[in-house]
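Asker: There's a structure below that I have some questions on.
The values are calculated or read from the model by the stated rules, or taken from the named source; none is laboratory data. Quick caveat, the model's predicted, so the values are computed rather than measured. For neighbour counting, all protein chains shown are included, and Cβ atoms are generated from backbone atoms with ideal geometry for every residue, glycine included.
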Amino acid sequence: MNINKNLLLVLGIIGALTLSRLIPHPPNFTPILGMAVFSGAIISKRYIAYLVPLAAMLLSDLYLGFHASMPIIYFSLALCVLIGTFIEARVSILNSFLSISFGVLIFFLITNFMVWYGSGMYETNFSGLMTCYYMALPFVQNSFFSSLLYGMGAFLIYDIINKRIILTNKA
């Protein structure tokens, strides 16, 4: 498949996932982490792989609103793209599942560390950090399931369209 069709396909999938972030959903049940891993794994031009999910997040944040924790969330999102780049040449169900899961874990650890560190809600000791992580567990559950649903869905849709429909039309 030529690069322009491939890029349009990827942008279409990511655009659809971005729009789904704007519909009503349970807390932290969004496509953004799965989308970031997908972007890193599928888009071969690195600057585009990072730009697309970060731009998608920014566009949806223009509607949803800005907040003080955006820099750390965007940094964590960029790490999810980086995680996706490690499976670029070896995309499989298992690698996709593991990469998305690792991305969710990294996002959870970093963003909740910053909540502990900067919010003043928890004691600034190890016990306070563990309490912060414990209190965030209900949210990571939603992040994990939504990331797997949307991320694995994106990989599946990409595979079906790329291998089944586009390659069939070439024959």
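Asker: Do we have any residue at all in segment 102-118 that's assigned to a helix (DSSP H, G or I), within 30 Å of Leu9 (Cα to Cα) and at pLDDT below 90?
Answerer: no
Asker: Considering segment 1-42 alone, what residues qualify as being more than 15 Å from Ser60 (Cα to Cα), among the β-branched types (Val, Ile, Thr) and free of Cβ contacts under 8 Å to residues at least 60 places away in the same chain?
Answerer: Matches in segment 1-42: Ile3 only.
Asker: Something else about it: Just to verify a result, which residue in segment 33-46, among those that are at pLDDT below 90 and over 15 Å from the mean Cα position of the chain (by Cα), is nearest to Ile160 (Cα to Cα)?
Answerer: Here the answer is Ser44.
Asker: Which of (1) more than 18 Å from Leu7 (Cα to Cα); (2) surrounded by fewer than 17 Cβ atoms within 10 Å (Cβ to Cβ) is the odd one out, the single condition Ser96 does not satisfy?
Answerer: Result: Ser96 passes all but (2).
Asker: Considering only segment 120-136, how many residues are within 17 Å of Ser69 (Cα to Cα) and not in a helix (DSSP H, G or I)?
Answerer: Qualifying residue count for the region: 3.
Asker: Aromatic (Phe, Trp, Tyr) and closer than 16 Å to Ala78 by Cβ: which single residue out of Phe29, Phe38 fits that description?
Answerer: Phe38 is the lone residue from the list that is aromatic (Phe, Trp, Tyr) and closer than 16 Å to Ala78 by Cβ.
Asker: Yes or no: segment 4-27 includes at least one residue that is among the aliphatic types (A, V, I, L, M), crowded, with 19+ Cβ neighbours inside 10 Å, modelled with pLDDT of 85 or more and over 22 Å from Leu105 (Cα atoms).
Answerer: Within segment 4-27, none of the residues are among the aliphatic types (A, V, I, L, M), crowded, with 19+ Cβ neighbours inside 10 Å, modelled with pLDDT of 85 or more and over 22 Å from Leu105 (Cα atoms).
Asker: Criterion first (within 20 Å of Met35 (Cβ to Cβ), crowded, with 17+ Cβ neighbours inside 10 Å, of a type in the set (A, V, I, L, M, F, W, C) and at pLDDT below 95) does Ile160 satisfy it?
Answerer: Considered against the rule, which asks whether it is within 20 Å of Met35 (Cβ to Cβ), crowded, with 17+ Cβ neighbours inside 10 Å, of a type in the set (A, V, I, L, M, F, W, C) and at pLDDT below 95, Ile160 comes out as no.
Asker: Within segment 99-154, count every residue that is farther than 18 Å from Phe38 by Cα, of a type in the set (Gly, Ala, Ser) and surrounded by 15 or more Cβ atoms within 10 Å (Cβ to Cβ).
Answerer: Here the count works out to 1.
Asker: Another question, then. Can you pull out every residue in segment 62-90 that is surrounded by 13 or more Cβ atoms within 10 Å (Cβ to Cβ) and either modelled with pLDDT under 90 or touching a Phe, Trp or Tyr at 6+ places or on another chain (Cβ under 7 Å) (or both)?
Answerer: Ser76, Ala78, Cys80, Val81, Ile83, Gly84, Glu88
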